[in-house]
Amino acid sequence: DMLDPERLIQCPLVKHHWIRARRFPYHLVKCKESNPEIAKKFATCPFNARHLVPQADLSDHIMKCNDKAFVEQDVVSRSCESPQEQLNNGSTWQAPPCAEDWET
C-alpha cells in the first residue's frame, strides 16, 4: 500500500538503505549530507522532493512524474480564476473578538 507509513522504501543514493516511508524525507537529507559525492550525481524532482533521480534521467522523469499532474491541475484551476477570486480564496480566518479590557 503506497499510503502505508510503515512500508519500506529503498534509498536512491545507497541501495542497501531501506527506510520506513514516514522517515524517508529525513533520511534523504541525512544521506545526501553523508554521501555528497553520490548526491552530486542526482537531481531532485521539481514536483516532489522525495524523488531523487540520476541527473541524466531528470528530464525523462519530469515528463512522466505522477506528481506533475497535481501541480498542473492547481495551476490550471488558479489561472481560470480572476485575480479577485484568487485573493478571496485565501484564508478566511478572522481573530475572534477580544473580551479583555486592559484598561480595567
- line: Quick count over the range 36-65, residues being over 14 Å from the mean Cα position of the chain (by Cα) and buried (at least 16 other Cβ atoms within 10 Å of the Cβ), is 6
- prompt: Do you know which residues across the range 15-32 are open to solvent by less than 100 Å² (accessible area, probe 1.4 Å) and assigned to a helix (DSSP H, G or I)?
  reply: Ala21, Phe24, Pro25, His27, Leu28, Val29, Cys31, Lys32
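The values are calculated or read from the model by the stated rules, or taken from the named source; none is laboratory data. Note that the coordinates shown come from a computational prediction; the quantities given were computed from them, not determined experimentally. Don't worry about glycine lacking a Cβ; one is built from the backbone with ideal geometry, like all the others, and counts go over all protein chains shown. Heavy atoms of the whole protein, side chains included, go into the accessibility calculation; ligands, DNA and RNA do not. Shrake-Rupley method; radii C 1.70, N 1.55, O 1.52, S 1.80 Å.
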